[in-house]
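Nothing in this text is a laboratory measurement; each read-out follows from the coordinates by a stated rule. As the structure is a computational prediction, the values presented were derived from the model and not from experiment. Cβ placement follows ideal geometry from the backbone for every residue including glycine, while neighbour counts extend to all protein chains displayed.
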Amino acid sequence: MKKTNKILISSFIILLGLFSAQSFAQNKNTLTDILVQKKIITQREADSINTVNAFNEKSNSKNRNFTIGLEFRPRAEYRDGYRKLPNDTTSAAIFTTQRSRINLDFSMPKFKFHTSIQDIRVWGQYSQTYTSGSLNVFEAYVETYLNDHYFFKIGRQSINLDNGRLFSAANWNQAGRAHDGLNFIIKKEKFTSELMTFFNQTSEAYYETIFSPTTFTNYKWLNVHFLKLKLNQNFTLTTLNSSDGYQSKTNAKTMYVRGTSGGRIEYEKENFYATLSGYYQYGKIQSGQTVKAYYLQPELQYKYKKLTAKLGAEYMSGDDVNESSNYSKSFVPLYGVAHHFMGNLDYFINFPSDLKNGGLINPYLWLKYDLNKKLSLRSDFHLFYLQNNVNDTQGKKINKFLGFENDLGANYTVNHFTKIELGVSYMKAKKSLETLSGGNSNRTPFWTYLMITFSPELFNFKN
């Protein structure tokens, strides 16, 4: 608890100190008066310096902003077939998780600072007298601006690129996802470019850069370039190129580097939207095996009054277990989010293991209806097919059709800082899904949740 208190107290002192620093400044004329007396500068030069200082001080003091925001998000869940097929011996799980975040933001001309301190817990996870604390830093970064269009983001930061399929902050996950590194950003009216680099180490060291975490799996380094270009009124082009390097588990001097390249073309006119994205994966995966894999996603969307309909598919390549190959064909969607794209029951989120390297084809239809400005309803339909052949425990090829899933949801906005979300998901699984997740496909997987998000602004100081 002492460590937790120190984190909070230190954060407030640093940010509040930025506002009070000017009260400790020396008189603006003191230094220039001494320089004039020593005949180092002339009185005219001193007057010019004082004028510039006075302008900068006035400009900075009138453009400072400090805000404190809160996100409090409890979520109750009922699971009877979430992630794994139920069987005759399993019973439903019921629990509540909670995310509590304090967001601190400070800005002044050409500079911004943001940090998000969070506590993630399951209700009842800790004893009533638990004192060790569970706070951690989700994000902590600064943005320093070269001008209005060019700036650096430095520190621990979430990455949200394109539609979140390859890089996402994973907001559904209570803990979220963030990376430690540097991002150089160019933002103009029709053009956005982000060039990122991240390099990981588990601790300080005197020699070597060995990276071998024992409690989690992560890249040693990651480089990403993202480009979004508005071609004209209707067309937008997006490109994304990345390389992530993993250290060999048997030889610290060996790095396995995987590349992912591709992008998206979008067309939008009035109520109609169409897009096609595609990515190719190459290089070597963490095991040292060469990879040659691909991903495609066509999608159509149409809005009619209060109804929005999306029809699309994801095509993710995989390996044929009955054909020998010296390279992997299994595409991995990097550090993106699967919950939004491949069904809320989350049967396919760890790639390629959840598919036994067989790849996946996911045709989907998403419907959303806005009853009014506060309440909306949704219904998502998914069909799941293996892209390639997978065998069961007897070595027999299984049926590629895995099942049908329907995700239902309701979102209600109480006010500008309170939202309520209700979700219900079920699946009609096929026998072949038992090979991937175990359980009994004759039982219907069912999952429901209720989530409330409070996100008020607690404090706002403008000068």
Please report, in debye to the nearest 20, how large the charge dipole of region 226-300 is about its Cα centre when each Lys and Arg carries +1 at its beta carbon and each Asp and Glu carries -1 there.
-> 460
First measure r as the distance between the Cβ atoms of Phe235 and Leu371, then evaluate 1/(1 + (r/R0)^6) with R0 = 25 Å and state the FRET efficiency to the nearest 0.05.
-> 0.15
Once normalised by the length of the chain, the mean sequence separation of its alpha carbon contacts under 8 Å that are 6 or more apart gives a contact order in percent of 14
When all Cα-Cα pair distances of region 78-222 are considered, the percent exceeding 28 Å is 39
Would you mind calculating the gained length between Ile41 and Tyr273 on full extension (0.36 nm times residue separation, minus the Cα-Cα distance), in nm to one decimal?
-> 77.0 nm
Given the peptides 203-214, 434-445, 309-320, arrange them by the average over their residues of other C-beta atoms within 10 Å, most packed first.
-> 309-320, 434-445, 203-214
In terms of the charge dipole of the chain, which places +1 on Lys and Arg and -1 on Asp and Glu at the beta carbon, the residue among Tyr126, Thr308, Gly439 farthest towards the positive end is Thr308
Across region 418-463, how large is the tail of the calculated P(r) beyond 14 Å, expressed as a percent of all Cα pairs?
-> 67
How long is the gain from Gln201 to Thr254 if the chain were fully straight, where each residue apart is worth 0.36 nm and the alpha carbon distance is subtracted?
-> 17.5 nm
If each residue's Cβ is checked for other Cβ atoms within 10 Å, how do Phe459, Phe351 rank with the fewest at the top?
-> Phe459, Phe351
Between Ile94 and Phe404, what FRET efficiency comes out of the Förster formula 1/(1 + (r/R0)^6) with R0 = 22 Å and r the beta carbon distance, rounded to 0.05?
-> 0.30
Entries in Lys368/Lys419; Lys110/Lys228; Lys310/Lys397; Lys187/Lys419; Lys110/Lys373; Lys400/Lys428 that, when Cα-Cα distance is taken, lie over 25 Å = Lys310/Lys397; Lys187/Lys419; Lys110/Lys373
Identify the residues of region 280-311 with backbone N under 16 Å of a label point that sits 7 angstrom from the Cα of Ser379 along the Cα-to-Cβ direction, or state none.
-> 306-311
Tell me, rounded to the nearest percent, the portion of alpha carbon pairs in region 65-462 spaced more than 28 Å apart.
-> 56
Between Phe461 and Ser193, how many nm apart are label points set 7 Å from Cα along the C-beta direction?
-> 3.8
